[in-house]
1. Excluding PRO395 itself, what net charge comes from residues whose Cβ is under 14 Å from its Cβ, given Lys and Arg +1 and Asp and Glu -1?
2. Taking amide H positions as placed 1.01 Å from N in the peptide plane, with prolines and chain starts having none, which residues 5 or more places from ILE59, or on another chain, fall under 5 Å of its amide H?
3. Need one value: the accessible area of ASP590 in square angstrom, 1.4 angstrom probe, rounded to the nearest 10.
4. Given the protein chains as shown and a 1.4 Å probe, how many square angstrom of THR26 are accessible, to the nearest 10?
5. Report the relative contact order of region 402-473, percent, no decimals, based on alpha-carbon pairs under 8 angstrom and at least 6 residues apart.
6. Excluding ALA10 itself, what net charge comes from residues whose Cβ is under 14 Å from its Cβ, given Lys and Arg +1 and Asp and Glu -1?
7. With r defined as the distance between the Cβ atoms of GLU121 and LYS320 and R0 fixed at 30 Å, what FRET efficiency is calculated, to the nearest 0.05?
8. HN-Hα J couplings of region 233-248 from phi, Karplus 6.51/-1.76/1.60, θ = phi - 60°, integer Hz, Gly and Pro as x?
Amino acid sequence: MATFVEEDYAIDQPLVTSSGLRQGLTSYGDAHFSLFLRKVFIKALGYSEDALSRPIIGIINTYSSFNPCHANVPQLIEAAKRGVQLSGGLAIDFPTISIHESFSYPTSMFLRNLMSMDTEEMIKAQPVDACIMIGGCDKTVPAQIMGGLSANKPILPLVTGPMMPGSHKGKRIGACTDCRNNWASFRAGTLDVEDIASLNEELAPTAGTCGVMGTASTMACITAALGLMPLRGASAPAVSSTRLRIAEETGTNAVAAAGVKRTPQSILTKESFYNAITVLQAIGGSTNAVVHLMAIVNRHPDLCGSGDITLQTFDDIGRKVPLLIDLKPSGDNYMTDFHNAGGMLALLHTLRPLLHLSAMTISGATLGEVLDKTPFRTFPYSQEIIRPLTNPLYPASSLVVLRGNLAPGGAILKASASKDRRLLCHTGPAVVFKNSTDLALRIDDPNLNVTKDSVLVLQAIGPIGNPGMPEAGMIPLPRKLAAAGVTDMLRVSDGRMSGTAGGTIVLHVAPEAAIPTSVLGIVKDGDIITSDAGKRVLSVSLTREEIEKRLSERALDGEKTAWADCQNKRGYVGLYQRSVNQAEEGADFDFLTAAGPKMGLKEGSRACVFQEQQSAKNKNQPEMC
Ligand code: FES
């Protein structure tokens, strides 16, 4: 005689459908039948009624053979399942898309919003009481938090962890700061082909995410600072047994969070984000994290549009927070060193006076309570990797927000990663590249009119202009200058750069060049550009009249901007270009933000500007009858 749950067959009683297998039933107009059918199919996998009566913990499987940063996902799933099942839950894993930086055309950022939609909808669609989200590579963690926050079931990020460093000729190396530095040396002719080929074998020697303070590590630290995962979860190496124990602990935490329905919208407050931004500044984190954090903020109904957290918040907090972590690209070391020096626990104890300790965490304890329960003594840890507040690596404002007539919507500069600090306050003539293709064609032209004092400007790599806003903002130095020993120049674009990259590089200029009113879009060779990190200025020495003149010429000469071009495009790329907002808002789709799509034509919006451009054009057309 089969065991059964009487309530499931009590067809004259309403079915309680708020949790477990009974939630989110497929709609057939008969809830009992929907449940009956669901059980028919899941029993094909061998589950018992006892198993199916437990809290169901989903585990998002982002394993892909194209994603070496996620190579340990199968082991993490096994360990997380152990934690769930030891705590009385039922763990069920399911896939979502997986994104790796080097296997995402045109760029991984192009797919971040798609992955967030996949994550949100699969969490909502399937009967999970909580969901462990295994991610790691740069865009995966923000995509999962964005989607999970919108789905608003208890979510528990579990990152894959950083890779170990490799070795070349007795020197430690690691993806991806050393990929870029060594490639620059190869381009400059100071590294031969044998060396660069042999480096290629050692730069990513194990599974895991890039082993420096790039975007993946930054997002891992930020996720811990937001209170969504155990503190040591940010830095334990991908190939360590600690990483597996963190996975098991995450399984245990998931069952507890499911029991009290501890949702991300209830945990995350503006104080959580202030803590995350404080950590971002203290670790000299990736500029990409600014975009991701704004996208996450704008998924939260209480924060989206509240003005509590804007681009300016990053700068305001940064002024009070020193750079404490000596990791590449701002410093010299690797994530394993950070982990061995105490990781996030040591960092948060150091930052304690600057943190909002009342912020809640997924464990149900406040951040202050978590820190109280886990005292940290610096001895015997090195204070070289995690510096005390009294001996920082950089005094404050690792990341600064610049504004001016060239970037009314703001731009980001990672001042701490500048290789030539004199360039932090620099004025020079622009050498303008219209887009990435133009850059590739001319940057190494021996006849290019460029000096070390020029400002390299790259247009049209913003969210709309080059969907996905590629990490092309670290414009390579012209080979003739690199060969002459130049190691840094001021560079300006509306794109992004890898979190592992360094240099004096102004990014995320808003509004981007593709937007008809963008000043970046009308800069020409020889225009004088000033970037002053101290004064937070990014400007071009053009009068208001000259700017207006160039903008109207641009509108009237019929230039086909990406914005005009995308209106009738099919597929995801068309959806992307028509819906993506600017970097300062998170480069999310407007319809995915908590506020939803902007209704009507808001003054200054892309749609409004486009319509104005069209009517300006029409005024100059002969009257049609
Ligand atoms: Fe995946 Fe760097 S390529 S984290």
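The values are calculated or read from the model by the stated rules, or taken from the named source; none is laboratory data. Because the structure is a prediction, the values reported are computed rather than measured. Because the Cβ atoms are built from the backbone with ideal geometry, glycine has one as well, and the counts that use them run over all protein chains shown. All accessible areas refer to the heavy atoms of the entire protein, side chains included, with ligands and DNA or RNA removed. Shrake-Rupley method; radii C 1.70, N 1.55, O 1.52, S 1.80 Å.
1. The answer is +4.
2. ILE92, ASP93, PHE94, ILE132
3. 30
4. 80
5. 26
6. Result for the neighbourhood of ALA10: -4.
7. Efficiency computed from Cβ-Cβ geometry: 0.15.
8. Taking θ as phi minus 60°, the curve returns x, 6, 10, 4, x, 4, 9, 8, 5, 4, 4, 5, 5, 5, 4, 4 Hz for region 233-248.
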